[in-house]
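The values are calculated or read from the model by the stated rules, or taken from the named source; none is laboratory data. Everything quoted here is computed from the prediction, not taken from an experiment. Cβ: placed from backbone, ideal geometry, glycine included. Neighbour counts: every protein chain shown. Surface accessibility is based on the protein's heavy atoms, side chains included, excluding ligands, DNA and RNA. Shrake-Rupley method; radii C 1.70, N 1.55, O 1.52, S 1.80 Å.
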Amino acid sequence: MTSEGLSSSDLQVKRAQSEKPPKGSVIMSGARSTGRYHIGNYFGAIKNWLELQKEYFGFYGVMDWHAMTSSYKTPHDVQHFARDNYAELIAWGLDPEKNVVFIQSRVPEHVELYTFFSMITPLGWLERVPTWKDAEQEAKDNDTHNLGRLGYPALQAADIAIYRATHVPIGHDQVSHLELSREIVRRFNFLYGGSIPEPRPIFTETPTLLGSDGRKMSKSYGNTFYLTQEEDELKQNLRKMPTDPARVRRTDPGEPTKCPVYSYHKLFSKPEDLPWVEEGCRTAGIGCGDCKGKLGENINALVAKPREKKKELLQHADTLDSIIADGCRRARKHARETMEQIKEWTGFLSGSGEF
Ligand code: TRP
Ligand code: SF4
């Protein structure tokens, strides 16, 4: 989901509105389980969650229902990736004991609250969301012009409200979704005298990430740059990566800002490596092979440990299963408390319906 329908001056305002959450804030965020995590998931989400957990208690979700809005034809894959993503989050160091890390479908209260929200959300609000408006033709073309896709932001509102979270780290592509979450919660509180917090955004700068062929990263181009690639897979992907087209021969100088390899260096390499790339490239002092070699080393240094840890988790299925079960059980406890409170406000019979 990309376009957010805001001009750059609007964005400035929105950026300025994102302040440091006060102590005791409750964080909630999530990512869809549509595939293996790629570098966009890392720089756009995971990296920030790892920072936030140092200071705040948070709920972090693997969003498999949200994945189903577009991947409903391959539910087995969605579930496969849910497990894969969960293992990867833990492998990167998201602490499943300090936080609550869950899989969305295993906490059915998300869907229960979503049903409630769907009653109080005017259709016009959903139709005006830019990610719906802008993607409507695309949705028609690929069979995802469905009720679930239209209701996507209402489900997202329920994800946040079910934990009464106060702050949500998101990329700028999610501005309109969070705005809608706030409106739905406000309307809910107004109608029923509730006190669910209106969630505030914590904006994360998401750098533009290119795919391994230098084009925009997209699954349909098959150029996704996965996060925990094996070393040989990584080398192969870097070898394929285009460089400044002006650098035909080793002796031709190049311009790093015209090269996707350099854009990756800026993300993955130590600050002191950048002048080496810039100078070496502009003076033809280094070859593109050297440049990619250094990049490969730096990426590998970042991902090697999580890659091994993830493998280990996936190999010990029982251990992973019990971590997941524990996370979902704890998530459910919080979610049920919210649902009980909501039932009290609205006169619904209490209890979860388990006999
Ligand atoms: N829509 C979000 C995305 O595409 C994923 C998401 C689902 C989410 N539920 C959420 C993010 C709740 C934050 C809070 O990135
Ligand atoms: Fe790109 Fe590096 Fe080659 Fe310069 S030296 S063109 S930055 S790969």
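Quick one: pull the percent of accessible area on the range 284-355 belonging to carbon and sulfur, 1.4 Å probe, ligands and nucleic acids left out. If you can, show how the numbers build up before the last one.
Values: 2180 of 4130 Å².
Its accessible area is 53 percent carbon and sulfur atoms.
For an R0 of 30 angstrom, estimate the FRET efficiency from the Cβ-Cβ distance between residue 73 and residue 326 and round to the nearest 0.05. Numbers along the way, then the final one.
Values: r = 31 Å, r/R0 = 1.05.
So the FRET efficiency works out to roughly 0.45.
So for 81, 43, 117, what's the accessible-area order with a 1.4 Å probe, most first?
Output order, biggest surface exposure first: 81, 43, 117.
Quick one: which residues, 5 or more positions from residue 286 or on another chain, have an amide H under 5 Å from its amide H? H modelled 1.01 Å from N in the peptide plane, none for Pro or chain starts.
281
When the helix-only estimate is applied to the chain (DSSP H runs of n ≥ 4, each -39,500 (n - 2.57), divided by the residue count), what is the mean residue ellipticity at 222 nm, nearest 500 deg cm²/dmol?
Values: 16 runs with 188 residues, N = 355.
Theoretical 222 nm ellipticity from helices: -16500 deg cm²/dmol.
Under 5 Å between amide hydrogens, which residues at least 5 positions from residue 32 or on another chain qualify, with H placed 1.01 Å from N in the peptide plane?
Close amide H contacts, sequence-distant or interchain: 63.
If I stretch the segment between residue 57 and residue 297 completely, what's the gain in nm (0.36 nm per residue apart, minus their alpha carbon distance), one decimal? Could the numbers behind the result be given before it?
On the way: separation 240, 0.36 × 240 = 86.40 nm, distance 3.39 nm.
Length difference between fully extended and current span is 83.0 nm.
Calculate one ³J(HN,Hα) per residue across the range 190-197 by plugging θ = phi - 60° into the Karplus curve 6.51 cos²θ - 1.76 cosθ + 1.60, and present them in order as whole Hz with x for glycine and proline.
5, 5, 10, x, x, 9, 6, x
Highest first, please rank the peptides 251-258, 35-42 by the mean number of other Cβ atoms sitting within 10 Å of their residues.
So the order, starting with the most tightly packed, is 35-42, 251-258.
Tell me, in nm to one decimal, what length is gained between residue 192 and residue 349 on full extension, where the rule is 0.36 nm per residue of separation less the Cα-Cα distance?
Extending this stretch completely gives an extra 55.0 nm.
How much area per residue is accessible in the chain when the probe is 1.4 Å and only protein heavy atoms are counted (Å²)?
Working: 17430 Å² over 355 residues.
Counting only protein heavy atoms, the per-residue value for the chain is 49 Å².
Please list the non-local residues whose amide H lies under 5 Å from the amide H of residue 57, H modeled 1.01 Å from N, same-chain partners needing a gap of 5 or more.
Residues meeting the criterion, in which the H sits 1.01 Å from N, are 27.
Once phi is turned into θ = phi - 60°, what whole-Hz ³J(HN,Hα) does the Karplus curve with 6.51, -1.76 and 1.60 give for every residue of the range 128-142, x standing for Gly and Pro?
Whole-Hz 3J(HN,Hα) from phi for the range 128-142: 7, 4, x, 5, 8, 4, 5, 9, 5, 5, 4, 4, 5, 5, 10.
For the pairs 47/270; 20/258; 133/266; 240/309; 140/343, flag any whose C-alpha to C-alpha distance is greater than 26 Å.
Distance filter (> 26 Å) returns 20/258; 133/266; 240/309; 140/343.
From the phi of every residue in the range 48-57, what ³J(HN,Hα) in whole Hz does the Karplus formula 6.51 cos²θ - 1.76 cosθ + 1.60 yield, where θ is phi - 60° and glycine or proline is x?
Calculated HN-Hα couplings, in order: 6, 5, 4, 5, 4, 5, 5, 10, 10, 7 Hz.
Across the chain, how large is the tail of the calculated P(r) beyond 36 Å, expressed as a percent of all Cα pairs?
Counting pairs separated by more than 36 Å, the tail of P(r) holds 26 percent.
What accessible surface, in Å², does a 1.4 Å probe find on residue 176, ignoring ligands, DNA and RNA and rounding to the nearest 10?
Residue 176 has an accessible surface of roughly 20 Å² with all protein chains in place.
With unit charges on the beta carbon (Lys/Arg positive, Asp/Glu negative), name the residue among 262, 228, 298 whose Cα is farthest towards the positive pole of the charge dipole of the range 228-314.
After comparing all options, I get 228.
Estimate the FRET efficiency between residue 333 and residue 50 by the formula 1/(1 + (r/R0)^6), using the beta-carbon distance for r and 35 Å for R0, to the nearest 0.05. Before the final figure, lay out the partial values.
On the way: r = 24 Å, r/R0 = 0.69.
Taking R0 as 35 Å, the efficiency between residue 333 and residue 50 is 0.90.
Please work out the FRET efficiency for the pair residue 125 and residue 341, using the Cβ-Cβ distance as r and a Förster radius of 22 Å; give the result to the nearest 0.05.
Working: r = 24 Å, r/R0 = 1.10.
Result of the calculation: an efficiency of 0.35.
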